[in-house]
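Working notes, structure below.
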Amino acid sequence: MGSNATAIWRAHKRGALFANPCFTQIHPTCIPVHGDQQSKLTLMSESLRNDGRVWVPKTKELAGKIRKGEIKANDLREEERDYYLERIYPSFGNLVPRDVASRNAKHVCDEGRGVGETGLAVFLDFRDAIQRDGEDTIRSRYGNLFQMYEKITADNPYKVPMMIYPAIHYTMGGLWVDYNLMTTIPGLYAAGEANFSDHGSNRLGASALMQGLADGYFVLPYTIGDYLAHLGFENVTNELPEFKLAESEVRERISKLINTKGDRTVDEFHKALGKILWEYCGMSRNEEGLKKAKQEIRDLREEYWRRVKVIGTNEELNMTLEKALRVADFFELGELMVDDALYRRESCGGHFREESQTPEGEAKRDDENFSYVSAWEYQGGDSAEVLNKESLVFENVKLTQRSYK
Amino acid sequence: MEKERAYKLRIWRQKDSHSKGKFVTYTINKISTGSSFLEMLDILNEDLLKKGEDPIHFDHDCREGICGACSLYINGRAHGPEKETTACQLHMRHFKDGATITVEPWRARPFPIIKDLVVDRSAFDRILQAGGFISVNTGGTPDANEIPIPKYIAEKAFDAAACIGCGACVAACKNASAMLFVGAKITQLSLLPQGQVERRERAAKMLEQMDKEGFGSCTNTGACSAECPKGIDLAVIATLNREYLTAKFKSEEV
């Protein structure tokens, strides 16, 4: 809840263009869902893929037996295992990029070969690495990660394979910024993952740290100082009409939520919204699904403002109100994500359109028509946002089809 | 083990910093043993919301043991019964079916209660502002790798840097001392090259702020380190004391 786009969304509604919202990253190695009561999916570090081998049982029958607990993973012989990443991508194997690893995990689980109680999990196995390098070496590399895994699942990864499944991770989009990291609102800078700039359509490992450092340590010290040097530093008080207008808008929004006095909790709406986006705007998208999602989001949002239940007042610490205000933003951002996904009729990085794939099922870009950054401009109320295109021109790099085979 | 359990929860409720607080008992059923402690509180809160009652306020953020936000005193232990585990990493399989669980906020004068289980830990921020930082010229590419550092120093600093600033040490200490927290920051910063410029003043300034905030004195009990969810070594307090004394000896002031 704490760091989920509300700040940049509100800046967007005041004039900062929002770039590339449809590019969302699904991280392949997360601990699988254990049930409806779950509040978050814990990430297992990507570094585990350096030594772990990803596999599922070769057949649906075997997978079914594992899910029911009739046989154990360690009972399966080599010929009964499908190390599918190594099979499909001989040169990159288990080290394929996140979006490729995630989509393949989804495929094998959709085929019915997933493991875990829900069938939505694949194995990440360290048996061979431990045999090759010894348990002590593996412990020194991944000790803290294995400990974290055991705390959460009560399984010991030194003895049984880990279970993982893709889950939503960061997004590549964010506020549009120029090379000085200033948004389209003069004087408003956005650094790190809050902006869209470094990640294009896909992200690699440790990117959040990288972008925070690159923007904060190397870029901003030069650019923000220059801007400040040109400012007059006049005193700005709360008496300005702009401030009063903004304050009254905020108070009105808060008051609307507090006074709705509906019958459904914020969390219920939040989960329902999440399910729509995961289903239709997740790892794999298509036109029909996206159009359906847009309508469902609109309907749910309308219901939210009629039926949400917020307890307490504005004048005290009120976490229900805080959540309610954030979820109100999520509805709007969710719709923009779907719009952007509908508009971009190609598969590029973290955005996969089923209508645009190679015969082998890999992502297929359409560089001729979509080599641009989509920078969306808020128009107010329910009016459609306006798309601004920033052309991407590649002078020294030749664009090719990604292949990890 | 059975999949779902029921619990009796004795939780501290307090309307705001001026009001008196008290324990209120709740029953909760059908909690999956795979749920985390905070997920269980979420479910309880949903029940309360449906009944029209104010939910239990508590701090949380990352929910994976790295941010330092969660701050629950569970059954008399900071972050609950498991070793090197934050409250958000604590899973319900560690509590027997039907158990009574007591949940309180951090109790320390420098951490006033804001509401229910939420306390004000800005005292820690002020201690850091007093000296828990390094000054550096940003913008250019620094020659970070030119200064050789022994591996054991790098490891010692890294282990101390694991401190997430949650305040469990203060809550566990009978004197509400913050020496483990300050010791961890000092050890992290003063051992490495970048921390040398401000090394002499750092310990004195941070300790001065710590005293101003009203944290208690250290009597070498060691409850802090025993309860620390990151396993910060008690030795950081020794390092802190040594830094402070050395600074006093080598000070330019007469």
Considering only residues that are open to solvent by less than 40 Å² (accessible area, probe 1.4 Å), within 11 Å of chain A (Cβ to nearest Cβ) and modelled with pLDDT of 95 or more, look in the range B:55-80 and name the one that is nearest to the chain's Cα centre (by Cα).
-> B:Ala69
Filtering helices (runs of 4 or more DSSP H) wholly in the range B:166-254 for at least 1 residues that are loosely packed, with under 14 Cβ neighbours inside 10 Å gives B:199-213, B:235-249
Note on A:Trp278: of the conditions (1) at pLDDT 95 or above; (2) under 30 Å from A:Ala101 (Cβ atoms), unmet is (1)
Within the range A:190-225, which residues are in contact with a helix residue (DSSP H, G or I) (Cβ under 6 Å, 6 or more places away or on another chain) and outside any loop (DSSP other than H, G, I, E, B)?
-> A:Gly192, A:Glu193, A:Ala194, A:Ala208, A:Gln211, A:Gly212, A:Asp215
Please go through the range A:35-61 and pick out each residue that is open to solvent by 30 Å² or more (accessible area, probe 1.4 Å) and either touching an Asp or Glu at 6+ places or on another chain (Cβ under 6 Å) or among the acidic types (Asp, Glu) (or both).
-> A:Asp36, A:Gln37, A:Ser39, A:Glu46, A:Arg53, A:Lys58, A:Glu61
Do the conditions hold for B:Ile101, that is, is it touching a Leu at 6+ places or on another chain (Cβ under 8 Å), open to solvent by less than 10 Å² (accessible area, probe 1.4 Å), at pLDDT 95 or above and within 25 Å of B:Gly222 (Cβ to Cβ)?
-> no
Subset of the range A:1-53 [within 14 Å of chain B (Cβ to nearest Cβ), aliphatic (A, V, I, L, M), more than 30 Å from A:Val250 (Cβ to Cβ) and outside any strand (DSSP E or B)] | A:Ile31, A:Val33, A:Leu41, A:Met44
Does A:Val177 satisfy the criteria of being within 19 Å of A:Trp376 (Cα to Cα), outside any helix (DSSP H, G or I) and at pLDDT 90 or above?
-> yes
Can you give me the number of residues within the range A:131-151 that are of a type in the set (Phe, Trp, Tyr), in contact (Cβ under 8 Å) with a residue 40 or more places away in the chain and either more than 14 Å from chain B (Cβ to nearest Cβ) or more than 17 Å from B:Arg63 (Cβ to Cβ) (or both)?
-> 1
Output for Cβ contacts, cut-off 7 Å, separation at least six or different chains, first residue away from chain A (no Cβ under 12 Å) in the range B:18-44, second open to solvent by less than 10 Å² (accessible area, probe 1.4 Å) and part of a helix (DSSP H, G or I), reads B:Tyr26/B:Leu44
In the range A:225-253, the residues that are within 14 Å of another protein chain (Cβ to nearest Cβ) and open to solvent by 60 Å² or more (accessible area, probe 1.4 Å) | A:Asp226
Matching option when the condition is at positive phi and more than 14 Å from every other protein chain (Cβ to nearest Cβ), among B:Gly165, B:Gly183 = B:Gly165
Of all residues in the range A:198-216, count the ones that are touching a Gly at 6+ places or on another chain (Cβ under 8 Å) and of a type outside the set (A, V, I, L, M).
-> 8
Among A:Lys261, A:Lys256, which is surrounded by 10 or more Cβ atoms within 10 Å (Cβ to Cβ) and over 23 Å from A:Trp9 (Cβ atoms)?
-> A:Lys261
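The values are calculated or read from the model by the stated rules, or taken from the named source; none is laboratory data. This structure is a prediction, so every number in the text was calculated from the model and none was measured. Quick reminder, even Gly has a Cβ in these numbers, built from the backbone with ideal geometry, and neighbours come from all protein chains shown. Surface accessibility is based on the protein's heavy atoms, side chains included, excluding ligands, DNA and RNA. Shrake-Rupley method; radii C 1.70, N 1.55, O 1.52, S 1.80 Å.
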